[in-house]
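The values are calculated or read from the model by the stated rules, or taken from the named source; none is laboratory data. Note that the structure is a prediction, hence the values are computed from the model and not measured. Every residue, glycine among them, receives a Cβ derived from its backbone with ideal geometry; neighbour counts consider all protein chains shown. Side chains are part of the model used for accessible areas, which takes the heavy atoms of the whole protein and leaves out ligands, DNA and RNA. Shrake-Rupley method; radii C 1.70, N 1.55, O 1.52, S 1.80 Å.
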Amino acid sequence: MMKSKNSALAILITERINEILEITGFSQTEFAIHCELEPRILKSYCCNSRSFTVESISKICTTFSVSLKDFFDFGVPLEINSGIIVTLHKRPVKETPEARRHRLHQERDCIWHMISNTSYFDAPIGLNQILKILRKEYGLLITDERVYEMLKRHVGMGTLTREYKIRTTKERESFQPKRHLYQKNSTG
């Protein structure tokens, strides 16, 4: 994941996001949820206390069907299809307590299914790989923190083992120095 260290570019990107907020009528929190970003992270981007990532900008562009080229063409006002805006406004942003309980139960079931009924955990697997599988195979958008907590529970129960892998020098430039790898516990 690349990060921009250019503060002038960061300001232009923030202005572009503010332009989208103005066009759509979304709050920052609604915008973040629709773009599958953590609201606190979007806020830190917009306050320039955190560098934008290409992945985050890509999520924004995908949500509003805007090409990266158009997003970064700062001299031209952004055009967003009104049908997309209407569709996004119809999606509920806040969950009811029942919907939240159902979603959390579904997430737990999917993790358990992955562990017990698939070969995904037969070999060591990292959190990013697990998140991709959950999105692609199960259609779930779960935060990495949530998945980490569920996996930690399975490690505590003895279903999984966790090992730490030291990242290579190149990987350490943009990530934490260690990463967790999870695998089915062969003794349990």
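What the table shows:
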item	result
Computed label-point distance, nm, for sites Asn18 and Val76 using a 7 Å Cα→Cβ extension	2.3
Packing rank of 124-137, 22-35, where each peptide gets the mean count of other beta carbons within 10 Å, highest leading	22-35, 124-137
Percent RCO, i.e. relative contact order, over the chain, from Cα pairs under 8 Å lying at least 6 residues apart	16
Those aspartates and glutamates that a straight Cα-Cα span of less than 15 Å connects to Lys59, excepting residues fewer than 8 apart in one chain	Glu30, Glu36, Glu38, Asp70
Mean residue ellipticity (222 nm) of the chain, computed from DSSP H runs ≥ 4 via -39,500 (n - 2.57), nearest 500	-17000 deg cm²/dmol
Residues of the range 41-76 with amide N under 16 Å of the 7 Å Cα→Cβ point at Ala8	73-75
Prolate/oblate/rounded call for the chain, Cα gyration tensor, a/c under 1.5 rounded	oblate
Rel. contact order, % - alpha carbon contacts under 8 angstrom, at least six apart, the range 6-108	25
Rounded FRET efficiency, nearest 0.05, which uses the C-beta distance separating Asn117 from Arg91 and R0 of 22 Å	0.10
Label point at Glu36 placed 7 Å out along Cα→Cβ; residues across the range 63-83 whose backbone nitrogen lies under 18 Å	63-68
Percent carbon-and-sulfur accessible area, the chain, ignoring ligands, DNA and RNA, probe 1.4 Å	52
Flagged links, alpha-carbon separation over 32 Å, of Lys90/Lys132; Lys69/Lys184; Lys90/Lys165; Lys43/Lys184; Lys90/Lys152	Lys69/Lys184; Lys90/Lys165; Lys43/Lys184; Lys90/Lys152
Gain in span if fully extended, Ser186 to Thr62, counting 0.36 nm per residue against the direct Cα distance	40.6 nm
